[in-house]
Amino acid sequence: MKEGVKSVASLVMAVSLIVTGVTAQVPFPATGSYTDSRDGQSYATVKIGDQWWFAENLAWLPAVSPPTVESETNPYYYVYGYQGVDVEEAKATQNFVTYGVLYNWPAATGGVPGSDANPSGVQGACPAGWHLPGDTEWKQLEMFLGMNSTQADGIGFRGTDQGTQMKAQEGWIDLGNGSNSSGFTALPGGVRGGDLFSSLGGVGHWWSASEYSATQAWKRRLNYDNTKVQRYYDYKDYGYSIRCVRDDPDTLTIYLNPGWNLFSVNVVPDNSDLKELFDSLISQGLLVMIVDESGNNLEDQGEPEGWTNDIGNISITEGYKIKVLASCGVDIAGMKAEYPLKIPLKSGWNYIGFPCREMQDGLQVVQQLIDRQTLVKLQDETGAAIENLGEWGGWKSMIGTFVPGKGYWVKMAAADTLTIDSTTPLLRHSK
């Protein structure tokens, strides 16, 4: 199973929103999901404008404290209504399941300095590949929903109905539900402040990564009785919810030579459909065929079927054979891989990917398989190999380094798992 964003096509039609007398065409949002490898927690995600947001409050809980514990400098984590210090007890509460975790600002930012850049660059409590949005990123969201720049720069409740667009369709008290036309699905998780919890069901607060002063930081607030969005600042010891924004995607360029090549990817694309990813080569008449290790193909079946994709989605752990008619390249953008990454291997031959962003020493990468006596041989697309020469020198590498974007054949004596880390040293071996 792959981790990361799995995009769901939902850009089918548009809804008309009346904003200050002007009809704004806002498309139904693209949605997806993300699984946090730290704790296995899954989140709905939504694309609003050019930004991918969590459509749920962050629920990462490495520790928990009662509301009487507070600090403007040390990180603290809270679950609304929970008065103890047992993480598993706190996770068993309905408020944790529904509203996630409340974080003071040091916990939200991970103790790093604040930022108003776009993107903020502050990962904070968010998982790898995601970050805590700065004040400017919140403004970007609000302006996509129809707020003008003057309103966005204001303090207090601003705009028109942007709060309504962001609020969930249920869960708010006193008829305070929203339309959720943005897909943001804001829920009123309340606040921890003044040694107690308050405002559950009626108010939601979300931290930004941007400081207002040494003791205060910018936030956003939605109220059950207001259609607008509040931009204000509060003391850093308050406990508020968090939404994470995806980092800018990485782009991998795969360079291909005429004839057969082995390739792989080191990013998780928004759309992982193999045909969509290589459509540029199809339209240029350069692609002949792509084959996976099971023999499934992406190829032109002729009339009337045309191009058919029996492989389905691309996998970050797998390698693929591709045949092209001329030298060419393909750019694939997507989310960074999370490490360590495990590649399952069956007995016999496998096609594997190399899902790292930097070259690594090939022999060092597979040494774990050699130590467990499960590796028979590894080859690249040129036929160069890592193999045991026996009395003529033991295990030798004729490959040198593994290269991002390349794929490899691996022959195994028994099933095993290859663990890929992002920090394997780059060494050189004589050929």
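The values are calculated or read from the model by the stated rules, or taken from the named source; none is laboratory data. As the structure is a prediction and not an experimental result, all values here were calculated from the model. All Cβ positions, glycine included, derive from the backbone under ideal geometry; neighbour counts span all protein chains shown.
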Inset, instruction - Within the range 202-226, track down each residue that is crowded, with 17+ Cβ neighbours inside 10 Å and among the aliphatic types (A, V, I, L, M). - result: Val203, Ala209, Ala217, Leu222
Inset, instruction - Filter the range 352-372 down to residues that are over 25 Å from the mean Cα position of the chain (by Cα), crowded, with 19+ Cβ neighbours inside 10 Å and not aliphatic (A, V, I, L, M), then give me how many there are. - result: 2
Inset, instruction - Test Gln169 against the criterion of being buried (at least 20 other Cβ atoms within 10 Å of the Cβ) and either over 15 Å from Thr227 (Cα atoms) or in contact with a Ser or Thr (Cβ under 8 Å, 6 or more places away or on another chain) (or both), and give yes or no. - result: no
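Which of the strands (runs of 3 or more DSSP E) found entirely inside the range 325-401 contain at least 2 residues meeting this: at pLDDT 95 or above and within 30 Å of Gly32 (Cα to Cα)? If you could, list the steps in order and put the result at the bottom.
Numbers: elements: 328-336, 341-345, 348-353, 375-379, 385-388, 395-397.
The qualifying strands (runs of 3 or more DSSP E) are 341-345, 348-353.
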Legend entry - Sole residue being modelled with pLDDT of 75 or more and under 18 Å from Ile242 (Cα atoms), chosen from Glu70, Glu88: Glu70
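Within the range 402-413, work out how many residues are in a strand (DSSP E or B) and buried (at least 18 other Cβ atoms within 10 Å of the Cβ). Talk me through it step by step, then tell me what you get.
The initial filter retains those residues of the range 402-413 that are in a strand (DSSP E or B), namely 402, 406-412.
Remaining after also requiring buried (at least 18 other Cβ atoms within 10 Å of the Cβ): 402, 406-410, 412.
The total comes to 7.
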Inset, instruction - Can you tell me which residue within the range 82-126, out of those that are among the hydrophobic types (A, V, I, L, M, F, W, C) and in a helix (DSSP H, G or I), is farthest from Asp36 (Cα to Cα)? - result: Trp105
Inset, instruction - Look through Glu142, Glu137 and report the one residue that is in contact with a Pro (Cβ under 8 Å, 6 or more places away or on another chain), closer than 21 Å to Pro29 by Cβ and surrounded by 19 or more Cβ atoms within 10 Å (Cβ to Cβ). - result: Glu137
Inset, instruction - Check Gly194, Gly163 and return the single one that is touching a residue at least 24 places away in the same chain (Cβ under 8 Å) and either small (Gly, Ala, Ser) or not assigned by TED's automatic domain parsing to the domain that holds Lys228 (or both). - result: Gly163
